[in-house]
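First up is the structure itself, then whatever we jot down about it.
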Amino acid sequence: MSFLWNMVSLPVAKPLLLIVDDDPLIVESLGFAFAGDFDVVTSHSRPHTLNLLRQLRQTPRLALVDLGLPPLPHRPDEGFALIGDLLALAPDMKIIVLTGQNDDDNARRARTLGAIDFVGKPCDPGQLGALLRQALRFGEAPTVEPAAGLIGDSPPMQRLRLQLGQYADLAFPVLIEGESGSGKDIVASYHLHRLTVRRDKPFLALNCAAISPALLEPTLFGHARGAFTGAAAAKSGYFEDADGGTLFLDEIGELPLELQPKLLRVLENGEYQRVGETQTRRSHARIIAATNRDLRQEIRAGRFRADLYHRLSVFSVAVPSLRDMGDDRLLLLDHFARLYAAQAGLTPFSLSPAARALWRAYPFPGNVRELRNIVIRLVASHPGQEVGAERLRSEFDSNDEEPPPTPGALAAVDLDRVREAARRHLEQTESLTLDATLELWERGYIEAAIELSGGNMSRAARRLGLNRTTLYNRMESWNRR
């Protein structure tokens with residue numbers, strides 16, 4: 001029995017649910033259990049999932065994701081990376097993680113990355129179904145109007161608002177930089193469009209990571225009839241449809257290198273051509289781009305053009321991370337608690353003084369997305385109640401607050417032996433890229449530490465003199481290179 005259906009004929013009446021697990025029995029049983037309430041699509045690996053999503057005509061609203069995916073089914077690396085991929089493709093997707101029993105460390109890490117909750121294996125379909133229905137409740141349109149734009153009064157947020165006010169009505173591109181989950185889309189849609197003279201013109205958003213590279217060019221520029229297989233009719237692209245308004249290019253660091261010169265041409269003189277046409281067209285759309293990557297590092301690695309970067313960053317703004325926003329974390333807490341309680345028809349929870357102090361001190365490595373998901377869970381589980389510090393602490397990835405060991409705790413490295421190994425390598429290699437070589441050594445040490453720690457990421461991080469968040473960030477960066 002297969003639940004991987006052709007989206008051309010897939011009904012749209014039921015919510016679309018994505019299940020990702022390399023165990024066929026689990027996929028089969030969950031697919032059967034939820035087929036009555038959901039349209040189900042399934043996958044067995046991260047690459048297969050990403051390819052599948054780019055072919056679907058609609059984005060799944062919900063996802064069940066196993067952390068232990070191939071090629072390393074007993075480690076959470078691929079599952080963690082897939083959570084980031086899914087939220088990059090569809091920021092509003094609600095992800096529930098399937099994890100081994102007594103694996104609280106990895107479950108908390110998954111929630112930090114943006115998963116809304118986790119369920120231990122073997123799964124109780126009744127419990128899982130209740131979580132899925134609850135996730136849908138909080139995914140519906142809010143019954144109260146959210147506060148306009150960015151929330152916060154901290155100095156970083158005040159500086160950001162000042163910059164946005166200066167740039168809002170200008171015609172030049174703006175590059176928005178910031179960590180995942182920090183609110184770059186709100187900066188683009190609200191502060192750089194709705195509050196500008198273009199407010200009555202189109203606002204179109206395109207996630208450059210969400211579309212197959214082969215389809216990205218016709219999506220941006222349009223195509224002529226017969227330009228490629230399946231192009232039964234001529235079609236306009238985003239630049240044409242956004243003319244006079246705003247075109248938001250999210251995840252701009254994912255733009256294929258071969259397509260970057262064509263984007264550069266539009267930025268320089270507004271000119272482009274539909275795929276399969278020779279006629280030159282002009283677009284007067286204002287370009288806003290966003291990235292969570294360091295594009296300067298991407299330039300050094302040869303993955304992003306320096307001239308395109310300079311055109312995109314005529315003006316640039318940095319969206320601050322929550323760890324730099326002080327009491328803004330409390331403002332966001334109160335805002336989302338009221339919003340989601342009203343959305344679900346419940347009474348907001350409150351935090352005890354000790355819990356409120358704990359909230360104020362937690363760095364929220366997953367930024368606003370992590371904060372929002374914690375609030376959703378507390379609204380659902382403690383309506384109208386006071387939540388204490390111990391209960392709140394269970395929501396946090398507390399190991400991220402452990403200080404790394406001092407350098408003296410690590411074994412000394414024999415510099416002479418390393419230098420000799422490097423000399424032999426250089427003698428045997430005609431062309432060497434230092435960054436790639438250092439990355440190879442880093443991966444070797446990290447994988448060895450994980451193996452020696454039996455897959456426990458907290459112990460592996462301590463072996464390497466890192467905190468766990470830094471270790472995961474290093475590992476996630478491999479998938480972006």
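The values are calculated or read from the model by the stated rules, or taken from the named source; none is laboratory data. Worth saying up front: this structure is predicted, and the values here are computed from it rather than measured. Heads up, the Cβs are rebuilt from the backbone with ideal geometry, glycines too, and the neighbour counts pull from every protein chain shown. In case anyone asks, the SASA skips ligands and DNA or RNA and just uses the protein heavy atoms, side chains included. Shrake-Rupley method; radii C 1.70, N 1.55, O 1.52, S 1.80 Å.
Just a few scattered comments:
- Qualifying residue in region 295-308 (condition: under 27 Å from L150 (Cα atoms) and modelled with pLDDT under 95): yes
A quick yes/no check of all residues on (1) of a type in the set (D, E); (2) open to solvent by 10 Å² or more (accessible area, probe 1.4 Å):
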residue	(1), (2)
E258	yes, yes
Q273	no, yes
G276	no, yes
N292	no, yes
I299	no, yes
L308	no, no
V314	no, yes
R323	no, yes
H335	no, yes
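- Region 381-400: number of residues that are part of a helix (DSSP H, G or I) and at pLDDT 90 or above: 6
- Counted residues, region 206-234 - those being buried (at least 18 other Cβ atoms within 10 Å of the Cβ) and farther than 24 Å from R293 by Cβ: 4
- Any hit, region 324-342, residues being more than 25 Å from the chain's Cα centre (by Cα) and closer than 26 Å to G222 by Cα: no
Residues checked against (1) in a helix (DSSP H, G or I); (2) at positive phi; (3) among the charged types (D, E, K, R):
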position	(1), (2), (3)
V197	no, no, no
A209	no, no, no
A214	yes, no, no
A231	no, no, no
F248	no, no, no
E277	no, no, yes
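- Being in contact (Cβ under 8 Å) with a residue 12 or more places away in the chain and either touching a Cys at 6+ places or on another chain (Cβ under 9 Å) or closer than 24 Å to Q158 by Cβ (or both) is a condition met by no residue of region 294-303.
- Residues of region 349-368 satisfying the condition of being assigned to a loop (DSSP other than H, G, I, E, B) and at pLDDT 95 or above: F349, S352
- Identity of the residue in region 48-74, out of contact with any helix residue (DSSP H, G or I) (no Cβ under 9 Å at 6 or more places or on another chain) and outside any loop (DSSP other than H, G, I, E, B), that ends up most open to solvent (accessible area, probe 1.4 Å): Q55
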